[in-house]
Each structure stands twice: as structure tokens, then as C-alpha cells.
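Only one structure is covered here, and it is reproduced in the block below.
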Amino acid sequence: MKIMNLVNAINDALDIKLKEDKNMIVYGQDVGVEGGVFRVTEGLQVKHGKDRVFDAPLAESGIAGTAVGMAIAGLRPVIEMQFSGFIYPAFNQIISHIARMHNRSRGRYRMPIVVRMPYGGGINALEHHSESFEAGFAHIPGLKVVIPSTPHDAKGLLISAIESDDPIIFMEPKRIYRAIKQEVQEEKFAIPIGKAAVLQQGTDVTIVAYGAMIREVQKAMVLAKQAGISVELIDLRTIYPIDRETIAQSVKKTGRIITVTEGVRSFGVASEITQIVSEDAFLSLEAPPKRVTGFDTIVPLPRGEHHYMQDAYKIFYEIEKTVNY
């Protein structure tokens, strides 16, 4: 075991797979010499060479498009977008080719591509550096969307993503890149994609969250415990495919659900989870499902960001309202 933060764990997963699979390559904006803007790929070019870890031009569409050709040729590209808000120029390649090529070719070509990107707010950055667009990616048929919340999960989920023959959007909550440290197994291990984790058993209310929001929920759970409220916490880990069974089973036990996300409120992950509960656990509900989300606005500039972000007090307020409904 070794103490790692999220950055260390992702770097370690990439290092392990680069050693193991000679067809894997890593590239993107500044990922080679500099090791990325957050230094997540630091040292990998020195270890594995400029042919396998290298910088790409500042052209997101080109980064994604070349990955399509490389995948068809038998390589396994892991590409990095410098920030999730910079990915929009690459949408044509991601939606039209990466997500569809397996279907379009009737199974002849697979797209074993991992698209990595830091996402989310909380670091006092500008709007394109702070967005949470996971629901948009999850809405695209052919893509899987993964978001870790701990160093352990980041390593295990990324190894699974790299080994998958399907294209995966791997979103890294940059707010907690270095905020959390834990013991992580140094050897290779994998965490199945599509399976949520129940982090805390409870009886009064289910909370579903992921990424940086897990830490905020855990802070709110301290307040809930002081108020005598038992919270069951589910870390979604995979946005799509979503773990319907774990969510439904929890709500059948607690009778209540709150979903905490960082993205905008309308048409988001929280709305999808509310519908899952309505379909799979409706008769168990003792209170309306609640959403604690961002607003239907562009993420504010740094001075106003704290109004947009979720915190323990906002979450606890909804916990009390839901339990006392």
C-alpha cells in the first residue's frame, strides 16, 4: 500500500498500463514535457518515451479525431483535454465518430479510447475551467462516463477504462486532485465500470453523489448524525451505465432520496436518478425525491462561485426537510 492523492493514483494507473500494453499511448495538451496543467502525467514521458507520451497541438478536434484513426489501427489512445470546458470543439469527433464507429462498422471496429479531463468548480477559475457537463456526455449513445471520488477509485476505474474496448469519458474532479490522500494498493487492480459503491449504510434517507460532492455530503452527514438522522451514502462512480439496482434497493430501505450534483439543475443526472426511483421504487417513497444541484446558469466567476457550489449546509438543509416531510 502507498499513500496517494488523486493525481498520484491516476499517474500510477497510466504508468502501469503503459508498461503492460505497448499499444497504449497518452497524448494531449502539454501532457508530455510538462506533465499536464495539473501535473497528472508528470514523469511519464521520461519513463516511456516521446513516441508514447507526447504533446498535441492546441486543437481539441484534432486530438479526438486522431484517436479515432489510431484506435482503428489497433492502438489504445488515452487522450487528455486540458479542461472539460475546452472539449466542445471536439464534439463532432466524439459524437459522430468515437461514440458511433462500433455501431457504424457493424462491430468491425472498436473504439478503445479514454478521454480524460479535469472538470468542475471550486478552484476560483473562469467559466470554461469550472463546468460540470457529465450529463451531456451520458446522453450520447455509445459513450460511458466515469467519475472517481477517491484516489483508490481513480486508479481502479482508470485501469478498467483503459482495458475496455468501449470509448469512455473519464472526468476528474480537479477540486479534490490533491485534497484527499489515502492508502492505495501499489499493484494493478480494477474496479468494475457501472457499479456504484455504498459508502455508508443508513436507514432514514439515501443520498446519491459522486466526484467532489462526496466530500461535501460527508460533511453534511456529520451534521445529520448530530441531529439523529441516519444517512445512507451512495457514490455513483459511473454516470453511465448507471447502477439502477443499488439506487432502488437503497430507497426501498430508506424511503427517501436526495441527489447531490455540481452540474446545472435541469435535465441533469439528478433528474435521471429521480426518474429511476419513480420507476423502480415508487411505492417505497415516504417523501418527494430532492435535488441539490447547481443553478441553470453559467458557472459564476470566482467572486460569485460560492453561491453556485454545493456545501454541507445546503445539503443538510435538504436532509432535514426530506426526513421531516
*Roughly what would the spin-label model give for residue 282 and residue 296, points 7 Å off Cα along C-beta, in nm?*
2.4 nm
*Relative contact order, percent, the chain [alpha-carbon distance under 8 Å, six or more residues apart]*: 17 percent
_Summed side-chain charge close to residue 84 - residues other than residue 84 whose Cβ falls under 13 Å, Lys, Arg +1, Asp, Glu -1_ = -4
*If you take the charge dipole of the stretch 222-281 about its Cα centre, with +1 on Lys and Arg Cβ and -1 on Asp and Glu Cβ, which of 248, 270, 233 is farthest toward its positive end?*
233
*asked:* What would the Debye equation give as log₁₀ I(q)/I(0) for the chain at q = 0.06 Å⁻¹, counting only Cα atoms as equal point scatterers?
replied: -0.20
*Residue by residue, what Karplus-based ³J(HN,Hα) values in Hz, rounded to whole numbers, does the stretch 112-117 have, using 6.51, -1.76 and 1.60 with θ = phi - 60° and x for Gly and Pro?*
x, 10, 10, 9, 8, 6
_About the Cα centre, and with charges only on the beta carbon of Lys, Arg (+1) and Asp, Glu (-1), how big is the dipole of the stretch 2-184? Nearest 20 debye, please._
440 debye
_FRET efficiency, residue 37 to residue 324 (Cβ-Cβ, R0 45 Å, nearest 0.05)_ = 0.50
_Estimated dipole of the stretch 277-320 in Debye, rounded to 20 [Cβ of Lys and Arg +1, of Asp and Glu -1, Cα centre]_ = 240 debye
_So if I place +1 on the C-beta of Lys and Arg and -1 on the C-beta of Asp and Glu, and nothing else carries charge, what would the dipole magnitude of the chain be about its Cα centre? I want it in debye, nearest 20._
340 debye
*Could you run the Karplus curve 6.51 cos²θ - 1.76 cosθ + 1.60 with θ = phi - 60° over the stretch 232-237 and give me ³J(HN,Hα) per residue in whole Hz, x for Gly and Pro?*
9, 10, 10, 8, 4, 6
_Just to confirm a number: summing +1 for Lys and Arg and -1 for Asp and Glu over residues other than residue 284 whose beta-carbon lies under 10 angstrom from that of residue 284, what do you get?_
+1
*Return the subset of 17/144; 195/252; 2/314; 19/144; 188/252 for which the Cα-Cα distance in this structure is over 30 Å, preserving the input order.*
2/314; 188/252
_Potential extension, residue 51-residue 303 segment - 0.36 nm per residue separation minus Cα distance_ = 86.5 nm
_Let me test this: with uniform point scatterers at the alpha carbons of the stretch 79-203, what is the Debye-based log₁₀ I(q)/I(0) at q = 0.11, 0.14 1/Å?_
-0.42, -0.67
*asked:* Under the rule of at least 5 residues apart or a separate chain, name every residue whose amide H is placed under 5 Å from the amide H of residue 184.
replied: 2, 3, 4
*Candidate aspartates and glutamates - alpha carbon under 15 Å from residue 225, same-chain residues fewer than 8 apart omitted*: 204, 216, 318, 320
*Sort 54, 282, 170 so that the residue with the fewest other Cβ atoms within 10 Å of its own Cβ comes first and the one with the most comes last.*
282, 54, 170
*Stretched out fully, how many nm does the piece from residue 227 to residue 267 gain, at 0.36 nm a residue minus the Cα gap?*
11.2 nm
*Determine the distance separating the Cα centre of the stretch 1-79 from the Cα centre of the stretch 167-183; give it in Å without decimals.*
16 Å
*Can you give the direction-averaged projected area of the convex hull of the alpha-carbon atoms in the stretch 2-184, in nm²?*
9.4 nm²
*Between the stretch 196-224 and the stretch 257-277, what's the alpha-carbon centroid distance in Å?*
15 Å
*For residue 145, which sequence-distant residues (separation of 5 or more, or a different chain) have an amide H within less than 5 Å of its own amide H, given hydrogens modelled in the peptide plane?*
169, 239, 240
*asked:* Give me log10 I(q)/I(0) at q = 0.31 Å⁻¹ for the stretch 1-55, Debye formula, one equal scatterer per alpha-carbon, no solvent.
replied: -1.28
*Considering only the other residues whose Cβ falls under 13 Å of the Cβ of residue 323, what net charge follows from Lys and Arg at +1 and Asp and Glu at -1?*
-1
*asked:* Quick check on the stretch 2-184: of the DSSP beta bridges with both residues there, what percent are antiparallel, nearest 5%?
replied: 15 percent
*Cα-based Rg of the stretch 273-318 per 2.2 N^0.38 Å, rounded to two decimals?*
1.54
_Cα principal axis extents for the stretch 197-323, largest first, Å_ = 42, 34, 23
*With N set to the residue count of the stretch 216-265, report its C-alpha Rg divided by 2.2 N^0.38 Å to two decimal places.*
1.25
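Every read-out reported here was derived from the displayed coordinates using simple, explicitly stated rules and does not represent laboratory data. Because the structure is predicted, anything quoted here is derived from the model rather than measured. So basically every Cβ, Gly included, is an ideal-geometry build from the backbone, and we count neighbours across all protein chains shown.
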